[in-house]
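Here is the structure we will look at.
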Amino acid sequence: MSETATLTRKAGLRLEFPGMVTPGGKPWHYLDTAATAQKPQAVIDAMTNALGRDYATVHRGVYARSANMTQAYEAARQRVADFMGAKDANEIVFVRGATEGINLVAQSWGGANLKAGDRIMLSQLEHHSNIVPWQMIAEQTGAQIDVCPITEDGLIDLDAMEQMLTASHKIVALAHVSNVLGSILGAKRAAKLAHNVGAKLLLDGCQAAPRMRLNMQELDCDFYVMSGHKLYGPTGIGVLWAREELLETMPPYQGGGAMIDKVTFAKTTYAPAPQRFEAGTPMITEVIALHAAVDYVDALDPEKLFAHESGLAATLRSELRKINSIRLFGPEKSAGIVSFEMEGVHPHDLGTILDEENVAIRAGHHCAQPLMELLGVPATARASFGLYSDESDIEALLRGIERTKRIFG
């Protein structure tokens, strides 16, 4: 067994995740981390304390607990900025999730900068959250959408993109890591291609942030979004990173409290970024828990986590390739995600049988229906690894597949 594959057993990380056992106390082989990650006790404790003994509003109260909570809230912003390799904490906008982050960019930046005749570049493997917001702003502005193809092994085809990009393209929006195929974008080249024609680059980092070390300066993108609940944090919190000079020019996305400078019935002036984009009472407890999640992941070293999870994905692909009835999708090198189909068995049926074996996979279109159409399947089965995964999860999955083969003959 490889050194990386035994990371969780050596460190006993599973014991730090209360959700990794069944109600009966048996090991739960959770292979759906790409959908949402289980939470370590440190994150649960941080959120419990923030919701209980430490709870108060932020940015408003003059009493000590409110001041302390405000300090903790802004400390989380700085911590996330450090985690992402941002230049400044003012480049970090807290949103409800990556989906809201993309909608914010599409409506605020896109609404101010796109017009009829402009073009938006997406790819064939995008999540619905990186398709629909762009369709909405395209309809509003008259801009047009182009779709970059993917290669035979499931990578965004940057050679094709280079040929497709023109001076009319104003924004390129791509997945840093595919949530279906686990394929990794050549992000630096994508940034160079976009900037060569004067376009901005947005990266959907939902699958990359939990698995890779981030550095916004090195990636050279203009916008980056990630989701807290896939990063071992709570739901209802996400992050939009954007270059400070872009945020300063973008109009508010929502109106209300906290995002204002002064309000009169005649005119309202707005707070500077990032506060301008955080209308209303913020996600206080979720932000505090996100801080704990970032600390947890960073302490384990994202580079080691990437090696661990990609190693498990490579092992699983090797084992599945031995089964004649299995068809694999995506590249050989993937970031901890393996999608496949089993001949004669709908992914939902496979998922149901695996559930009886205490194995949890995702079965469906994974919010990527255009990609499913391209692959020629209605759905796939997807096994996705996390920092708590190990080879026992692969063994349990393979046992469940063998049982499924016997049931379906």
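The values are calculated or read from the model by the stated rules, or taken from the named source; none is laboratory data. Predicted, not measured: the structure shown is a model, and the values here were computed from it. Backbone-built Cβ (ideal geometry, glycine too); neighbour counts: all protein chains shown. Note: accessible area is taken over every heavy atom of the protein model, side chains too, but ligands, DNA and RNA are not part of it. Shrake-Rupley method; radii C 1.70, N 1.55, O 1.52, S 1.80 Å.
Would you mind classifying the chain by shape? Square roots of the alpha carbon gyration tensor eigenvalues, ordered a ≥ b ≥ c; an a/c under 1.5 is rounded, otherwise it is prolate if a/b is larger than b/c and oblate if not. Intermediate results must be reported in sequence, preceding the final value.
Working: a/c = 2.10, a/b = 1.27, b/c = 1.65.
Judged from the Cα gyration tensor, the chain comes out oblate (a/c at least 1.5, b/c at or above a/b).
If contacts are Cα pairs under 8 angstrom and at least 6 residues apart, what is the relative contact order of the chain in percent? Intermediate values should be presented prior to the final figure.
Numbers: 795 pairs, mean separation 92.3, N = 409.
Across the chain, relative contact order equals 23 percent.
If you rank THR264, THR404, THR70 by how much accessible surface each has, with a 1.4 Å probe, what is the order from largest down? All intermediate terms of the calculation are to be shown ahead of the outcome.
Details: THR264 65, THR404 0, THR70 30 Å².
Output order, biggest surface exposure first: THR264, THR70, THR404.
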Worksheet entry | With all protein chains modelled, accessible area of MET342 [1.4 Å, Å²] | 10
Worksheet, complete the sentence: With every protein chain in place, the accessible area of ASP118 for a 1.4 Å probe, in Å² rounded to the nearest 10, comes to 10
Worksheet item: Reachable lysines from LYS188, Cα under 30 Å, same-chain residues fewer than 8 places away excluded?
Response: LYS87, LYS115, LYS170, LYS200, LYS230, LYS304, LYS333
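If you take every DSSP beta bridge whose two residues both sit in region 162-316, what share of them, in percent to the nearest 5, is antiparallel? Can you show the working numbers first?
Details: 9 of 17 bridges.
Percent antiparallel among DSSP bridges in region 162-316 is about 55.
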Item to complete: Roll a 1.4 angstrom probe over the protein heavy atoms and tell me the percent of accessible area of the chain that is carbon or sulfur.
Response: 51
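If R₀ is 22 angstrom, what is the calculated FRET efficiency for the pair GLU139 and GLN163, using the beta carbon separation as r and rounding to 0.05?
Details: r = 27 Å, r/R0 = 1.21.
Using R0 = 22 Å, I get an efficiency of 0.25.
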Worksheet item: Using a 1.4 Å probe, how large is the accessible area of LYS26, given in Å² and rounded to the nearest 10?
Response: 130
Practice prompt. Between ILE323 and ALA266, with labels modelled 7 Å along Cα→Cβ, what's the label distance in nm to one decimal, could you check?
Written response: 7.2
Fill in: Residues VAL62 and ALA116, FRET efficiency given R0 of 56 Å [Cβ-Cβ distance, rounded to 0.05]
0.65
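Please report the projected area of region 277-409's Cα convex hull averaged over all directions, in nm². Could the numbers behind the result be given before it?
Values: hull surface 42.8 nm².
The Cα convex hull of region 277-409, projected and averaged over all directions, gives 10.7 nm².
Given 0.36 nm per residue, what is the gain on full extension from ASP88 to THR22 after removing their alpha carbon distance, in nm? Mind showing how you got there, number by number?
Working: separation 66, 0.36 × 66 = 23.76 nm, distance 4.25 nm.
Length gained, ASP88 through THR22: 19.5 nm.
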Item to complete: May I ask for the distance between the Cα centers of region 229-276 and region 90-151, given as a whole number of Å?
Response: 18
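Sort VAL172, VAL197 by accessible area with a 1.4 Å probe, largest first. Before the final figure, lay out each step's value.
On the way: VAL172 0, VAL197 40 Å².
Ranked from most to least accessible, the order is VAL197, VAL172.
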Practice prompt. State, as an integer percentage, the relative contact order of region 322-378 based on alpha-carbon contacts under 8 Å between residues 6 or more apart.
Written response: 21
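Classify region 123-189: rounded, prolate or oblate, from the alpha-carbon gyration tensor (a ≥ b ≥ c, eigenvalue square roots; a/c under 1.5 rounded; otherwise prolate if a/b is larger than b/c)?
Values: a/c = 2.28, a/b = 1.38, b/c = 1.65.
Because a/c hits 1.5 or more and a/b fails to exceed b/c, region 123-189 counts as oblate.
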Response to the item:
Reduced to Cα centres, the span from region 278-315 to region 343-385 in Å works out to 25
Practice prompt. Roll a 1.4 Å probe over the protein chains and send me the accessible area per residue for region 127-260 in Å².
Written response: 36
Worksheet, complete the sentence: So for region 25-156, using the alpha carbon gyration tensor with a ≥ b ≥ c as root eigenvalues (a/c under 1.5 gives rounded; past that, a/b versus b/c decides prolate or oblate), I'd call it oblate
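Tell me the relative contact order for region 210-343 as a rounded percent, counting alpha carbon contacts under 8 Å between residues six or more apart.
On the way: 160 pairs, mean separation 29.2, N = 134.
Relative contact order for region 210-343 comes out at 22 percent.
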